[in-house]
1. Within segment 128-156, take every residue that is farther than 21 Å from residue 51 by Cα and in contact with a strand residue (DSSP E or B) (Cβ under 8 Å, 6 or more places away or on another chain) and give me the one that is modelled with the highest pLDDT.
2. For residues that are free of Cβ contacts under 8 Å to residues at least 24 places away in the same chain and closer than 17 Å to residue 72 by Cα, tally how many sit in segment 103-114.
3. Of the residues in segment 71-102, how many are closer than 18 Å to residue 140 by Cα, more than 19 Å from the chain's Cα centre (by Cα) and without any contact (Cβ under 8 Å) to a residue 24 or more places away in the chain?
4. Could you grab me the full set of residues in segment 107-119 that are under 21 Å from the mean Cα position of the chain (by Cα) and either surrounded by 15 or more Cβ atoms within 10 Å (Cβ to Cβ) or under 30 Å from residue 53 (Cα atoms) (or both)?
5. Residue check: is residue 49 surrounded by 10 or more Cβ atoms within 10 Å (Cβ to Cβ) and at pLDDT 85 or above?
6. Could you go through segment 106-117 and let me know if any residue there is assigned by TED's automatic domain parsing to the domain that holds residue 128, part of a helix (DSSP H, G or I) and either at pLDDT below 85 or under 16 Å from residue 129 (Cα atoms) (or both).
7. Could you count how many residues in segment 125-139 are over 11 Å from residue 66 (Cβ atoms) and either in contact with a helix residue (DSSP H, G or I) (Cβ under 9 Å, 6 or more places away or on another chain) or not in a helix (DSSP H, G or I) (or both)?
8. Of the conditions (1) modelled with pLDDT of 75 or more; (2) closer than 26 Å to residue 138 by Cα, residue 60 satisfies every one except a single condition; which number is it?
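The values are calculated or read from the model by the stated rules, or taken from the named source; none is laboratory data. As the structure is a computational prediction, the values presented were derived from the model and not from experiment. Quick reminder, even Gly has a Cβ in these numbers, built from the backbone with ideal geometry, and neighbours come from all protein chains shown.
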């Protein structure tokens, strides 16, 4: 391809496209989606939740919430505690977090969502429920697996 220059002579065009800005934008998008996907999955750790037989509970979404995940060890005791995406050392640290965050949650009509492993002893869950109550938090949601309605057919 020949292009006429300002001097009137024809020269072959050896130009190219500068793709550096495009590569930068694509790289930033990849990093953004990687970070967002890790934040989203950090709150929902895989867990074997209890499955109630005929629950009337409905899923709700709250912008101000504190998600507490309780993981069980082989003996049914608490092996790990996570609050939102942060690992908590022990039950005493969880109590400190609840006492610190409790008034702000109550003021903004927030709630605590408790997710406990099915293999966890209830005595361990009771300690966490008592800590939530002592922090003055009145809105508590307990997570459980939803009943699979398509698998349960009704006879007519």
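1. Taking segment 128-156 as the starting set, the residues that turn out to be farther than 21 Å from residue 51 by Cα are 130-139, 155-156.
Remaining after also requiring in contact with a strand residue (DSSP E or B) (Cβ under 8 Å, 6 or more places away or on another chain): 132, 137, 139.
Numbers: 132: 88, 137: 84, 139: 84.
Filtering segment 128-156 for residues that are farther than 21 Å from residue 51 by Cα and in contact with a strand residue (DSSP E or B) (Cβ under 8 Å, 6 or more places away or on another chain), the one modelled with the highest pLDDT comes out as 132.
2. Total satisfying the criteria: 0.
3. Residues in segment 71-102 being closer than 18 Å to residue 140 by Cα, more than 19 Å from the chain's Cα centre (by Cα) and without any contact (Cβ under 8 Å) to a residue 24 or more places away in the chain: 2 in total.
4. Start the filter on segment 107-119 by keeping residues that are under 21 Å from the mean Cα position of the chain (by Cα), which leaves 108-118.
Within segment 107-119, 109, 110, 111, 112, 113, 114, 115, 116, 117, 118 meet the criteria.
5. Details: surrounded by 10 or more Cβ atoms within 10 Å (Cβ to Cβ): yes; at pLDDT 85 or above: no.
The answer is no for residue 49.
6. Taking segment 106-117 as the starting set, the residues that turn out to be assigned by TED's automatic domain parsing to the domain that holds residue 128 are 106-117.
Those still in the list that are part of a helix (DSSP H, G or I) too: 106-107.
If we keep only those that are either at pLDDT below 85 or under 16 Å from residue 129 (Cα atoms) (or both) too, we end up with 106-107.
Taking every residue of segment 106-117 in turn, at least one turns out to be assigned by TED's automatic domain parsing to the domain that holds residue 128, part of a helix (DSSP H, G or I) and either at pLDDT below 85 or under 16 Å from residue 129 (Cα atoms) (or both).
7. Residues that pass the stated criteria total 6.
8. All conditions pass for residue 60, except number (1).
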